[in-house]
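Undergrad: Before I ask anything, let me first share the structure, which is written out below as structure tokens.
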Amino acid sequence: MSEIQGVKNQNLPELFWHDYLFKHLVLPFFPRFIKPNHITIFRFLATPFVFWLLYVENYKWGIPAFFVLAFTDALDGSMARVRNHITEWGTIYDPVADKILIGSVVILLVFHHLNIYLAAALVALEAAHLIGGLVIKMRGGKIKALFWGKIKMVSQVIAVMSLLIFLQTGSAFFNYASAAVFCAAIFFSVASIVVHGFRDF
């Protein structure tokens, strides 16, 4: 990874399977002057707006707005790897933006509509990921996206979307599905911490 923002790696980064889909189906619509860090900053700025929409229970706009922001998580990472624009700033603040988005929604929705202990576990694990990343950086290590972390984030997004659909439609199926997928996300989160621990410590 580059040591200063805006400097590209000399070696091409390893791509995930979804990066190839983004490369051919999504990234052609984004001009090269749009950088991954621009998308991350957009997620930072838009998260309070999405939080407000969900807080006032405006699910008509809140659900698609949350989906768009969750989509930008995959977009900025794939753009950085495919276009070789991985920066030190991005490796630190991209996961922070993700955790603020998911953490705020978990605190708002899961505490009130599912289970307080489930919400506490999710928030605690996200905090553990942030602290672990900080420790890795302080030890001179490099933060890399891992398979388990990707699966965790996807699971969290699916769980939040299911819960939002339940709140919009009242369908019990989506309520149970949300709880089940959140539990799976906890498993993937723990697996990600364990894998990072064995790799980096």
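Undergrad: Can you find, among 101, 123, 195, the residue sitting farthest towards the positive end of the charge dipole of segment 17-200, where Lys and Arg contribute +1 and Asp and Glu -1 at Cβ?
TA: 195
Undergrad: Could you give each residue of segment 163-172 its phi-based ³J(HN,Hα) in whole Hz, using Karplus coefficients 6.51, -1.76, 1.60 with θ = phi - 60°, and x for Gly or Pro?
TA: So the J values, rounded to whole Hz, are 5, 5, 5, 4, 5, 7, 9, x, 6, 5.
Undergrad: Which whole-Hz ³J(HN,Hα) couplings does segment 177-194 yield from phi under the Karplus relation 6.51 cos²θ - 1.76 cosθ + 1.60, θ = phi - 60°, glycine and proline marked x?
TA: 4, 4, 4, 5, 6, 4, 5, 4, 4, 5, 4, 5, 5, 5, 4, 5, 5, 5
Undergrad: Right, next: Would you calculate the convex hull of the Cα atoms in segment 5-101 and tell me its volume per residue in Å³?
TA: In segment 5-101, the Cα convex hull volume per residue is 100 Å³.
Undergrad: Output ³J(HN,Hα) for segment 113-127: one whole-Hz value per residue in order, computed from phi by the Karplus curve 6.51 cos²θ - 1.76 cosθ + 1.60 with θ = phi - 60°, and x for Gly and Pro.
TA: 10, 10, 8, 5, 6, 5, 5, 4, 5, 5, 5, 4, 5, 5, 5
Undergrad: Right, next: How big is the dipole moment of segment 17-200 about its Cα centre under a simple scheme where the beta carbon of each Lys and Arg is +1, that of each Asp and Glu is -1, and everything else is neutral? Debye, nearest 20, please. Present the calculation step by step, with values, prior to reporting the outcome.
TA: Working: 15 positive and 9 negative charges, 109 e Å.
Here the size comes out at about 520 debye.
Undergrad: Right, another one. Roughly speaking, what is the stretch gain from residue 20 to residue 49, that is 0.36 nm per residue apart minus the C-alpha to C-alpha distance, in nm to one decimal?
TA: 7.3 nm
Undergrad: Order of 79, 161, 153 from fewest to most other C-beta atoms within 10 Å?
TA: On the way: 79 27, 161 18, 153 24.
So the residues, fewest neighbours to most, are 161, 153, 79.
Undergrad: Quick one: Kirkwood hydrodynamic radius for segment 17-200, alpha-carbon pairs, angstrom, one decimal?
TA: 17.0 Å
Undergrad: Which of 181, 195, 157 comes first, and how do the rest follow, when ranked by fewest Cβ neighbours within 10 Å?
TA: 195, 181, 157
Undergrad: Over segment 17-200, what is the mean sequence separation of C-alpha contacts under 8 Å (at least six apart), divided by residue count, expressed as relative contact order in percent?
TA: Value for segment 17-200: 20 percent.
Any read-out appearing in this document is the output of simple, stated calculations on the displayed coordinates, not a laboratory observation. Everything quoted here is computed from the prediction, not taken from an experiment. Reconstructed Cβ throughout: ideal geometry from the backbone, glycine too, with neighbour counts over all protein chains shown.
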